[in-house]
Structures are given as structure tokens and as C-alpha cells.
Amino acid sequence: MIQTKYTGRKRIAMMASRNPKSEAVYEQLFKGLKEAGFILTSKQPDIVISIGGDGMLLSAFHKYEHLLNTVRFVGVHTGHLGFYTDYRDYDVEELIENLKMDTGAKISYPVLRVILQLKNGEKLVYRALNEATLKRFSKTMVADVMINQVHFEQFRGDGLSISTPTGSTAYNKSLGGAVLHPTIEAMQLAEIASLNNRVYRTLGSSVVVPKKDKIAILPKHNDRYSLSVDNKTYVFDNIEAVGFQIDQAKIHFLATPKHTSFWERVKDAFIGDVES
Ligand code: NAD
């Protein structure tokens, strides 16, 4: 058996979206990091660099979610500044310098654990960085919503979304949910077009649930449902229940001088410089 000698050199994996700008950044980083003595490998990396947008970072998260406890992520954006991306395409030299000086510092944020229970007894577990969304295909979704075994409400509408704090600025925000600072260890339940009248009643607003609590959605009808987990959608015909809780593991990002404040990101993305 060949023993690989541990040299203390950091192992870096890179993932880039398929467009000329991202591919050019990939080439530049590959060359620069190799020259700087890093080991470039997709196997057991210490650091994962995603090149593209937030969608690419979501893909990188899912590719390496089995290594969450040991890996740190860093994003390079090749379009506008994203929520999960600290560097822009023209910051490549700065990223290489910061990686050379890296001491292992990290910033950690909660992720969501999604437990899907099927009627045949099968159990599937997913992790979401942004959110998980349950919808019924053909008709209004009717589902019991439980919070910690308490029957909270019977939901009727298009579907329900449960988001992480970092996901609160994504789909959740479009649904009228609140923006949560990512250091708040909580998940948020948001309604998608609920039916509210004298017969059907739901809370109507989104609900923020703390780390120790559990949410469960129990669809009423035997029908086809879609479960979207970040940028992937799965289809099931036999859902018994879907459970949600904050996962034990967190996502770790490389703490670099480039890591801008969350509120700056929110302002930059949604408000901009409005003349007063
Ligand atoms: P996509 O290409 O349609 O991108 C969706 C947009 O969401 C992009 O502009 C991306 O930068 C942004 N985004 C992603 N994560 C974000 C975050 N945490 N905070 C703020 N903005 C964020 O789809 P994709 O790249 O495959 O990303 C999937 C995500 O798209 C899902 O996780 C969901 O949050 C989001 N989405 C939003 C809506 C909506 O707002 N109506 C609907 C479906 C999905």
C-alpha cells in the first residue's frame, strides 16, 4: 500500500459554472494556486472554491455536504456580487494572497435537515443551504403543519417553504418572509399562496422557529408532490410526512478580509444607492 505523506499543504477543490468568464477565472486560479504550492484536487479538500454565482455555491455545497465538518467554502462571483460569494472575478490575485496567509479561520452558518418519510416506510434525508419547498402538483396542497408535535394549522394553498437564515434572502424573501441575520440559529416557515377565508385559516405570516424545535408537514392527499431542496427538485407519489430541523452540522466559509457584512450585502442586493 502506498502511504501518502502529509505535507501540511492545503488541498483545494474548484468548481466553475460553464461560461467563458468562469472558465477563465478557473484557469487563472488553477495556475496561481499551483504555483503557490497548494494541492489541487477534488478528493477530500480542505477548501472548496466555487466560481460562478450563488447557484454554483449551492452546487458546491451539495457536492461536498458529506465533508461539512472539515471543509471550508469560498465563492468567486463572475457576475454581480452574490450572497455566498466574497470575491469578484477581478479579485483572483487577492484571493490567492489571502489563501497563502490563511490560518484556518472560518465563519459558520446553520443548514437545514430535511427528513422525508415515505408511506412504504422508506426515509430519505437531505440538507438544504437555502431552503426546502413542498408543493402538490395538480391541485391545492392540503397539509397539517405540526410544530413540536403541536397541530399548528391546516394549510391550503400552493405549498410551504422552510428556509435557513442565509436562505432567508432567497425564495423566502419573495414569499414575504423576514430577512434573518445568518448567525441566528433558526428556520423560517413561509406560506406559498395560502387560501384564507371564512372556511380555511392559516397564520398568514411567516414563522421563525428556534434551533431546538421541529416542524413537520403531513400532506392530506395521496398525490404527486415536489420537494425542492435548494436548486434540485425531487418528485414523490407517496409522502407520509416531511420533517425539518436545524442540522447538527454547519456550513463553514473561509473567513477572509473580503467577507463583507451581511447588512451591506442585503443593502447592495435589494436597495442599492437610492437618492434621498
Ligand atoms: P436561479 O438561477 O433561478 O437563481 C435564483 C436567484 O436567487 C439568483 O439571482 C441567485 O443569486 C439568488 N440567490 C440564490 N441564493 C440566494 C440567497 N441565499 N440570498 C439571496 N439571493 C439568492 O436558481 P439557482 O441558482 O438554481 O438557485 C436556486 C435558488 O433559487 C433556490 O434555493 C431559491 O432560493 C431560489 N428561487 C427563488 C424563487 C423566487 O424568488 N421566486 C423561486 C424559485 C427558486
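The values are calculated or read from the model by the stated rules, or taken from the named source; none is laboratory data. Predicted, not measured: the structure shown is a model, and the values here were computed from it. Here the Cβ is made from the backbone with ideal geometry for all residues, glycine too, and neighbour counts use every protein chain on show. Surface areas here come from the heavy atoms of the whole protein model, side chains and all, with no ligands, DNA or RNA. Shrake-Rupley method; radii C 1.70, N 1.55, O 1.52, S 1.80 Å.
Miscellaneous remarks
- Cross-link reach list, lysines versus Lys212, counting only Cα pairs under 20 Å and skipping chain neighbours closer than eight places: Lys250
- Cross-link partners of Lys34 among aspartates and glutamates (Cα-Cα below 14 Å; sequence separation of 8 or more within a chain): Glu93, Glu97
- Test item: Cα-centred dipole of segment 110-249, Lys/Arg +1 and Asp/Glu -1 on Cβ, debye: 180
- Relative contact order of segment 110-249, taken over Cα pairs closer than 8 Å and 6 or more residues apart, is 33 percent.
- Residue (of Gly121, Val229, Val199) at the positive-pole extreme of segment 110-249, dipole from beta-carbon charges: Val199
- The relative contact order of the chain, computed from alpha carbon pairs under 8 Å that lie at least 6 residues apart in sequence, is 19 percent.
- Shape of segment 24-76, Cα gyration tensor, a/c cut at 1.5: oblate
- Residue ranges 115-122, 220-227, 185-192 sort as 185-192, 220-227, 115-122 when ordered by packing (mean number of other C-beta atoms within 10 Å per residue, highest first).
- Accessible area per residue for segment 110-249, computed on protein heavy atoms with a 1.4 Å probe, is 46 Å².
- On Cα atoms only, tilt of 20-35 relative to the major axis of the chain in degrees: 50
- Accessible surface of the chain, 1.4 Å probe, proportion on carbon and sulfur as whole %: 51
- In the structure shown, the pairs Lys173/Lys211; Lys43/Lys214; Lys21/Lys106; Lys10/Lys63; Lys100/Lys232 are assessed against 25 Å; a Cα-Cα span above that value is assigned to Lys43/Lys214; Lys21/Lys106; Lys100/Lys232.
- Cut-off 13 Å between beta-carbons: net charge of the residues surrounding Lys250, Lys and Arg +1, Asp and Glu -1: +2
- Cα centroid of segment 245-276 to Cα centroid of segment 90-122, whole Å: 14
- Rounded to the nearest 20 debye, the dipole size of the chain about its Cα centre is 820 debye, using +1 on the Cβ of Lys and Arg and -1 on the Cβ of Asp and Glu.
- Per-residue extension of 0.36 nm, minus the Cα-Cα distance of Asp237 and Thr140, leaves a gain of 33.4 nm for this segment.
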